[in-house]
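Take a look at the structure set out below.
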Amino acid sequence: MTEKVLSSLWGDSPDTGLSKHLIAIFYEVNRKGERLGGEDDVVVKCPLIDSNIEASFNWNSPFEQVGQNSLANFQQLAQSGEALDVARVVNTLSKTMGGFFEEIAESATGKTSITKLNSTQIFNGSPPLKITATLLLRAWSDPVTEVEEPMNQLLKWALPKELSPDGSLLLRLAKDGFQESSFLPSSTPTTIAMNYKNRTYKPLVIESISIPSNSPIDKNGHFTELSIPVTLATLTSIDRIDWDNFSTKPR
């Protein structure tokens, strides 16, 4: 398989170059995570700075309010001991019922209606895995091939492949008739894979990418170094099987 590699010169020797485990490899895949190959087989290699993998999970307690709303004011009074003071006033005003209220209020002091059952958390799913990192590009000999070409490729992966110039559905229907291209005229951004530290995360989408335009340049105006913050996300939520499948296999 022939691939076009876009990268700074980090060195290939394990003795003099940067460790391969510190260099992330990005390439295009389809929505199933399969590498495309062919003329589109472009690879970007660069070290990551401040990389972080975030997995969040939606747990909540849907039953914690059951039975509490109607007793909320009483519960607050009872737990704080204020209900006991109220009951004593009632006791003074009414010797018949006041003792009963005082006994109930005294027994309720320091108690709550929260139980293990109504505080049980329920799993409601999880959003896709998030990867945040800063990609480092640095020119050692050629700013164009080592910095600008990798930057351009990353941005091209993040951008939609094509947006239709025809904004009107009626115009497209008149021109192309009832075809798929009339209703869905534009193409979404591509999905990519990232191989880093013995794991290959795929398929990923680039949610955000920032090009710091105030970065240093050479005499011709080409960037000589870029630190590019990116946010990547898996295309879907993942499970244990997906995580195991991220373990590095031959690309």
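Here are the numbers for this structure:
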{"read-out": "Count of residues meeting criterion [among the β-branched types (Val, Ile, Thr) and not in a loop (DSSP other than H, G, I, E, B)] in region 185-216", "value": "6"}
{"read-out": "Output for region 138-163, where each listed residue is in a loop (DSSP other than H, G, I, E, B) and either under 17 Å from Ile25 (Cα atoms) or open to solvent by less than 30 Å² (accessible area, probe 1.4 Å) (or both)", "value": "Ala139"}
{"read-out": "Thr231 being at pLDDT below 95, under 30 Å from Asn124 (Cα atoms) and open to solvent by less than 50 Å² (accessible area, probe 1.4 Å)", "value": "no"}
{"read-out": "Residues (open to solvent by 60 Å² or more (accessible area, probe 1.4 Å) and either of a type in the set (Asp, Glu) or modelled with pLDDT of 95 or more (or both)) located in region 111-137", "value": "Lys130"}
{"read-out": "Number of positions in region 196-210 that are open to solvent by 50 Å² or more (accessible area, probe 1.4 Å) and over 24 Å from Leu18 (Cα atoms)", "value": "4"}
{"read-out": "Sole exception among (1) at pLDDT below 95; (2) among the acidic types (Asp, Glu); (3) within 27 Å of the chain's Cα centre (by Cα) for Glu207, by number", "value": "(1)"}
{"read-out": "Of all residues making up region 25-44, the number that are open to solvent by less than 60 Å² (accessible area, probe 1.4 Å) and either touching a Ser or Thr at 6+ places or on another chain (Cβ under 6 Å) or assigned to a strand (DSSP E or B) (or both)", "value": "9"}
{"read-out": "Residue in region 228-237 that is of a type in the set (A, V, I, L, M), within 14 Å of Leu48 (Cβ to Cβ) and in contact with a Cys (Cβ under 9 Å, 6 or more places away or on another chain) present", "value": "yes"}
{"read-out": "Criterion (within 30 Å of Thr234 (Cβ to Cβ), modelled with pLDDT of 65 or more and touching a Phe, Trp or Tyr at 6+ places or on another chain (Cβ under 8 Å)) met by exactly one of Lys20, Lys45, Lys32", "value": "Lys45"}
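The values are calculated or read from the model by the stated rules, or taken from the named source; none is laboratory data. Just so it is clear, the model here is predicted, and its values are computed rather than measured. Heads up, the Cβs are rebuilt from the backbone with ideal geometry, glycines too, and the neighbour counts pull from every protein chain shown. Note: areas computed on protein heavy atoms with side chains; ligands, DNA, RNA excluded. Shrake-Rupley method; radii C 1.70, N 1.55, O 1.52, S 1.80 Å.
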